[in-house]
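Beneath this line is the structure, given in structure tokens, with notes to follow.
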Amino acid sequence: MNQILTDPAGRLPLDEPRWRRMTRAEIEHFVRALQSAFEVVGVQEQGNRLTLARLDDPAALILEFPPHVHSPKKFLFPNWEKLFRFRLGGGVLLEPERAATPRVIFGMHPCDLHAVQVLDNCLFEGEADSAYRAKREVTILIGVDCVPDNHCFCTSMGTDRVAEGFDLFFHRLDGGAYLVQTGSKRGEALLCRYAPLVGERPSEPPLPLQVKQCPTRLDFPFESLAPLLEKVYEHPVWEEVGERCLGCGACTMLCPTCYCFNVEDRLDLNLAGGERVRTWDSCQFDQFTKVAGGGEFRGDQGDRQRHRFFRKYKYLWDKYQRTACVGCGRCSRECLSRIEPVPLLNSLFDEQARPALNLAPGAEYRPRLAEILYVAQLTETEKLFRLRLPESIEFQPGEFLEISVFGLGEAPFTIASAPVPGDEVDVVVRAAGTLTQAMHRLKPGDTVGVRGPFGKGFSLEDFLGRDVLLVAGGMGLITLRSLLLGILARRERFGRVLLLYGARTVGHFLFRDELLAWHRGGEIDSRFAALGGDNSWIVTRGDITHLFKDLDVVAERTTAAVSGPARMYRCVNPLLFRLGIAEERLFLNLERHMKCGLGKCGKCRINDICVCESGPIFPYTRVKHLKEAIER
């Protein structure tokens, strides 16, 4: 049997765990058989309290016990441990400590089994702690299930159940029987040797996963603990907790994963010899970090509490991807100052990790109120509205506003005014549907809702120092008016400016007073076309393509902008390229039914382009693949 115990491979998990049924009587026989070769430790009642201690009577073993029983750490990493003896006189003679006692810890909750894995990670790393290894390798770990209490938060730490790290695990069944699960080759060998009738039984189906309920729980995944603490090193909460802390060290002494210690020599009364011992120590004690010269680099109790939390939830996670807290609740259960990890961590998470609550969800869809200052009739069907916005805005020519008439909805309207910062803007509205007809009934002093501006417009930088060719059809002049007003404000910085504008009749021309003023002023070369109607302006008869006849432009220094109905692009774009206009110097207005203005509703999406978000003004090179937009 000793070979089984000392074989490190004996602690390896089985390829396929086996499950056998055992009665309470069979468990007592099993314990009695184990006592012939091991010291058996289990939970029992002593002096009206439950304690984990050496078991003399197997009948006294308790397998269902509350979480407040102290952890099994003291049997693997004792609170007082002799490392070796020494004798003095003439020379020092060292006497090693005797070998570790083979032991069975019968009854470990899942959280404590996880705690042993933490101790393994820390004490086996690098040059392994041989005193711990000696006990660990000859200790059998037998687990039992538990019911969490109000201090447990094992479900938040993922330690409420365990799949490895034990030799045997006993699951309680209805009726008082147990289903024992083998977790290692060593556990299987023990069962077959000391309970052979049970070992010969065929394996039964495993129990379904038991979901435990912990009323105390983290409000976030435990994997977020390390990143959370990264942000709160200087948080005032540590000072507040430090003021409450008594520095008694109970939290660390009771913790199943804390292993800080001190080493000192203790002389015999005859001064002829003594022993070097290792005793538990605590990072919460006031002289724990005292250094030569009397300084103490963690002298404040708040700093000590911060170190405890960081050690548990960050430092070891960074190193092993495992927290050093198993959620057993022993620290908060016994703390005289009621310092509890879960409320503290949840409070930090609420403050630091959670995004700020949106106190006005949907605010981006809520319009502000704008006052109508002025209304002008441009044509039989179009009106210009000047609005005073609730605050100043900046925009580029081609950007738009979403305007609401409450009860009827909202619609997009291009800003027609000069692109200068301010709180007044012009929009043009054609009476076509219910909403726009309602707008036509509004007068100065009335209010409408506005959102925006939205979209991406013309950049005047693309036209600076170059000749400018503007081609507008019908209501497309609204967008180009804003661009033209921006150019005229800095006219000396542009070359020749040529405007081609066409509509069904002269009566459908927008901004007629401005068109005449531009034409007569000579700053713009303006040319007009109309399909029919009176010809009092003596304009070219026909559609806008007739204005390209004998058009003289220097293509190499010309930037063009086109704005009009989609069908116009199919005819105009080839004429521009025939003139020699480069594709990258042609900008198109692809206005569509831009309902939300935020690129979410999908109304204005054309293939891979969302017009209200990426436009509505595009260089031709960006949209030339959109056949349905510019060639149909």
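The values are calculated or read from the model by the stated rules, or taken from the named source; none is laboratory data. Computed from a predicted structure; not experimentally measured. Here Cβ is always computed from backbone atoms with ideal geometry, including for glycine, and neighbour counts include all displayed protein chains. The protein model used for the area step is the full one, side chains on, heavy atoms only, and it has no ligands, DNA or RNA in it. Shrake-Rupley method; radii C 1.70, N 1.55, O 1.52, S 1.80 Å.
Exactly one residue out of Ile62, Ile105 is open to solvent by 40 Å² or more (accessible area, probe 1.4 Å) and under 30 Å from Arg24 (Cβ atoms), and it is Ile62.
Okay, residues lined up against (1) among the polar types (S, T, N, Q); (2) farther than 13 Å from Pro397 by Cβ; (3) free of Cβ contacts under 8 Å to residues at least 40 places away in the same chain; (4) surrounded by 15 or more Cβ atoms within 10 Å (Cβ to Cβ):
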site: Arg430; (1), (2), (3), (4): no, yes, no, yes
site: Leu442; (1), (2), (3), (4): no, yes, no, yes
site: Gly465; (1), (2), (3), (4): no, yes, yes, no
site: Gly473; (1), (2), (3), (4): no, yes, no, yes
site: Gly486; (1), (2), (3), (4): no, no, no, yes
site: Glu492; (1), (2), (3), (4): no, yes, yes, no
site: Gly502; (1), (2), (3), (4): no, yes, no, yes
site: Trp518; (1), (2), (3), (4): no, yes, yes, yes
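The residue pairs whose first member lies in region 99-128 and is farther than 14 Å from Gly327 by Cα, whose second member is crowded, with 17+ Cβ neighbours inside 10 Å and of a type in the set (Asp, Glu), and whose beta carbons are closer than 7 Å, counting only pairs six or more residues apart or on different chains, are Leu123/Asp129. Of all the numbered requirements in (1) open to solvent by less than 10 Å² (accessible area, probe 1.4 Å); (2) at pLDDT below 90, Thr479 misses one, and that requirement is (2). If you go through region 576-595 and pick out every residue that is not in a helix (DSSP H, G or I) and not aliphatic (A, V, I, L, M), you end up with 7. For Pro208, the conditions (1) open to solvent by 30 Å² or more (accessible area, probe 1.4 Å); (2) in contact with a helix residue (DSSP H, G or I) (Cβ under 6 Å, 6 or more places away or on another chain); (3) not in a helix (DSSP H, G or I) all hold with the exception of (2).
Reported count of residues in region 522-538, each being part of a loop (DSSP other than H, G, I, E, B) and either exposed (fewer than 12 other Cβ atoms within 10 Å of the Cβ) or modelled with pLDDT of 90 or more (or both), is 7. Within region 580-605, if we keep just the residues that are of a type in the set (A, V, I, L, M, F, W, C) and within 17 Å of Ala472 (Cα to Cα), the residue that is nearest to the chain's Cα centre (by Cα) turns out to be Leu590.
Quick one: would you say Phe463 is modelled with pLDDT of 95 or more and either acidic (Asp, Glu) or more than 25 Å from Gly362 (Cβ to Cβ) (or both)? No, not satisfied.
Considering only region 400-409, I want to know if a residue exists there that is open to solvent by 20 Å² or more (accessible area, probe 1.4 Å) and of a type in the set (Asp, Glu). Checked against the condition, which is being open to solvent by 20 Å² or more (accessible area, probe 1.4 Å) and of a type in the set (Asp, Glu), region 400-409 yields no hits at all.
Note on region 1-86: enclosed helices (runs of 4 or more DSSP H) holding 3 or more residues that are within 15 Å of Ile142 (Cβ to Cβ) and at pLDDT 90 or above are 24-34.
A search for C-beta distances below 6 Å between a residue of region 287-299 that is loosely packed, with under 13 Cβ neighbours inside 10 Å and any residue that is part of a loop (DSSP other than H, G, I, E, B), counting only pairs 6+ apart in sequence or on different chains, returns Phe297/Thr289. Just so you know, in region 554-564 the residues that are in contact (Cβ under 8 Å) with a residue 40 or more places away in the chain and open to solvent by 50 Å² or more (accessible area, probe 1.4 Å) include one that is nearest to the chain's Cα centre (by Cα), and it is Arg557. The residues on offer are Leu551, Leu626, Leu588, and the sole one that is free of Cβ contacts under 8 Å to residues at least 60 places away in the same chain, crowded, with 18+ Cβ neighbours inside 10 Å and under 20 Å from Leu484 (Cβ atoms) is Leu588.
Please indicate, with yes or no, whether at least one residue in region 356-364 is at negative phi and touching a residue at least 12 places away in the same chain (Cβ under 8 Å). Yes. Scanning region 34-53 for residues that are among the basic types (Lys, Arg) and either in contact with a helix residue (DSSP H, G or I) (Cβ under 6 Å, 6 or more places away or on another chain) or in contact (Cβ under 8 Å) with a residue 12 or more places away in the chain (or both) turns up nothing. In the condition set (1) over 24 Å from Leu378 (Cβ atoms); (2) more than 54 Å from the chain's Cα centre (by Cα); (3) at pLDDT below 90; (4) not basic (Lys, Arg), His519 is compliant with all but (1). Can you find a residue in region 219-228 that is polar (S, T, N, Q), closer than 16 Å to Gln305 by Cα and part of a helix (DSSP H, G or I)? No, region 219-228 has no match at all. On the stretch given as region 322-351, residues that are farther than 21 Å from Val118 by Cβ and either polar (S, T, N, Q) or surrounded by fewer than 17 Cβ atoms within 10 Å (Cβ to Cβ) (or both) total 8.
If you scan region 261-286, which residues turn out to be within 48 Å of the chain's Cα centre (by Cα), surrounded by fewer than 16 Cβ atoms within 10 Å (Cβ to Cβ) and part of a loop (DSSP other than H, G, I, E, B)? Correct list: Asp286 only. Just give me the residues in region 293-342 being in a loop (DSSP other than H, G, I, E, B), hydroxyl-bearing (Ser, Thr, Tyr) and within 21 Å of Asp219 (Cα to Cα), in sequence order. Result: Thr323, single match. Looking at region 271-286, which of its residues are of a type in the set (S, T, N, Q) and without any contact (Cβ under 8 Å) to a residue 40 or more places away in the chain? Within region 271-286, Ser282, Gln284 qualify. Take Leu345 and tell me if it is in contact (Cβ under 8 Å) with a residue 24 or more places away in the chain and over 30 Å from the mean Cα position of the chain (by Cα). For Leu345, the condition - in contact (Cβ under 8 Å) with a residue 24 or more places away in the chain and over 30 Å from the mean Cα position of the chain (by Cα) - is not met.
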